[in-house]
1. What value, in deg cm²/dmol to 500, does the helix sum -39500 (n - 2.57) over DSSP H runs of n ≥ 4 give at 222 nm once divided by the residues of the chain?
2. Once the convex hull of the C-alpha atoms of the chain is built, how many Å³ does it hold per residue, rounded to a whole number?
3. Using a 1.4 Å probe over the heavy atoms of the protein chains, calculate the carbon and sulfur portion of the accessible area of the range 1-104 as a whole percent.
4. By a straight-distance test (C-alpha under 24 Å), which lysines pair with Lys254 as possible cross-link partners, with residues fewer than eight away in the same chain excluded?
5. Report the Cα centroid-to-centroid distance between the range 166-202 and the range 285-312 in angstrom, as an integer.
6. How much accessible surface does Met239 have with a 1.4 Å probe, in Å² rounded to 10?
7. What pairs in Lys196/Lys334; Lys30/Lys137; Lys69/Lys137; Lys75/Lys125 have C-alpha atoms more than 19 Å from each other?
8. So how do Asp273, Asp83, Asp215, Asp92 rank on accessible area, 1.4 Å probe, biggest first, that is with the largest at the start?
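The values are calculated or read from the model by the stated rules, or taken from the named source; none is laboratory data. Here the structure is a predicted model, which is why all the values come from computation and not from measurement. Note that we place each Cβ from the backbone using ideal geometry, even for glycine, and neighbour counts take in every protein chain shown. For accessibility, only protein heavy atoms count, side chains too; no ligands or nucleic acids. Shrake-Rupley method; radii C 1.70, N 1.55, O 1.52, S 1.80 Å.
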Amino acid sequence: MKAAVLHKPGELVVEEVPTPAAGPNEVVLKVEACGLCGTDLKLYEGHYTANCPVIIGHEMAGTIVETGKEVQGLKVGDNVVVDPNESCGACDWCRSGYSTYCEDMAAYGVLRDGGFAEYCRVGAKGTYLMPEGLSFKAAALTEPVSCAVHGIDRAAPELGQTAVIIGGGPMGQIHAQLVRAAGAARTILIDIFQWKLDIGLQRGASEVINAQEQDAVEAVMEMTDGQGADLVIEAVGTMATIEQAVGMLKKHGKLVIFGLSAEGAQAKIVPFDVLTRELTIVGAWVNPYTFPRALQTMLTGQVDAESLISEEVPLDNINEAMQHLAEKPEGFMKALIVP
Ligand SMILES: [Zn+2]
Ligand SMILES: [Zn+2]
């Protein structure tokens with residue numbers, strides 16, 4: 001079969017590899033669509049370490065073509081999505097309800113072969129039936145949506161609150177839609193590109209701030225009569241935006257750090273400020289137990305992630321799509337690889 005193999009950072013080659021066969025508790029799916037995401041770019045650039053050589057791609061949807069002999073509840077012909085962070089279910093973390101920290105996470109597309117291929121072999125326990133009515137295109141976005149559902153769980157918005165989302169990329173856009181669905185009355189999206197803000201205004205954002213034109217913290221303060229936001233979701237991952245995020249919180253407000261920042265990078269936070277304003281700062285990492293809910297949010301229209309796909313690309317052209325992702329030309333939001 002054909003697959004995109006990352007041999008080392010900077011060297012992603014579409015080549016012939018053996019077609020995988022299912023182990024006893026595995027299924028093999030014919031990949032119909034697989035989203036290209038910022039994590040893939042970080043692997044490609046070497047900022048996040050893959051188990052090279054490895055077939056990357058972790059946002060996959062497809063049809064089962066083979067099931068292992070122990071597999072129950074899934075059969076050939078089923079349309080499915082795969083949780084790439086398939087946890088073991090048996091370690092202390094998994095058993096205590098914290099699969100995020102699983103000591104034996106599958107990590108398809110990072111540590112094990114993933115979905116930028118014609119076929120992909122995955123564990124049955126991380127494989128979910130696609131609800132009827134969902135397209136492969138939409139279903140391929142279940143993983144990013146499931147990570148945002150966890151972000152919203154960590155944010156725990158309350159009805160009537162004001163939420164700020166920093167970052168108008170796909171994850172910021174998905175968060176804006178979901179935090180609104182979860183009860184925020186005002187959803188203020190911040191980015192430096194007006195075209196991204198315009199996309200936000202079509203769906204999740206009630207108001208926008210162009211941080212190229214105004215100081216983001218001052219703008220939030222003005223829009224909230226000097227009070228600040230109840231909730232800020234940071235979906236960029238730079239130290240500057242994290243510091244701004246703290247500065248625009250209301251007393252007793254909460255910051256969710258979602259954007260992937262460089263390991264070891266340090267932001268300035270004033271402890272006295274956190275203390276006296278009683279701020280809460282939490283992280284939201286991957287997608288524990290959120291796959292079924294992510295599917296429902298997409299199926300019922302609580303989030304429209306599919307419309308964020310700006311290009312569909314055959315496997316042979318994956319390097320071009322990776323280039324687009326790196327350069328982010330105007331109008332580029334999310335690429336879907338269609339093997
Ligand atoms: Zn992803
Ligand atoms: Zn585990």
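1. Working: 11 runs with 93 residues, N = 339.
Calculated mean residue ellipticity at 222 nm is -7500 deg cm²/dmol.
2. Working: hull volume 44.2 nm³, N = 339.
Hull volume normalised by residue count: 130 Å³.
3. On the way: 2250 of 4850 Å².
The C+S portion of the solvent-accessible surface of the range 1-104 is 46 percent.
4. Partners within reach: Lys268.
5. Value for the Cα centre distance between the two parts: 15 Å.
6. 40 Å²
7. Details: Lys196/Lys334 12 Å; Lys30/Lys137 14 Å; Lys69/Lys137 29 Å; Lys75/Lys125 13 Å.
Checking Cα-Cα distances, Lys69/Lys137 exceed 19 Å.
8. Details: Asp273 45, Asp83 15, Asp215 75, Asp92 115 Å².
So, going from the largest accessible area down, we get Asp92, Asp215, Asp273, Asp83.
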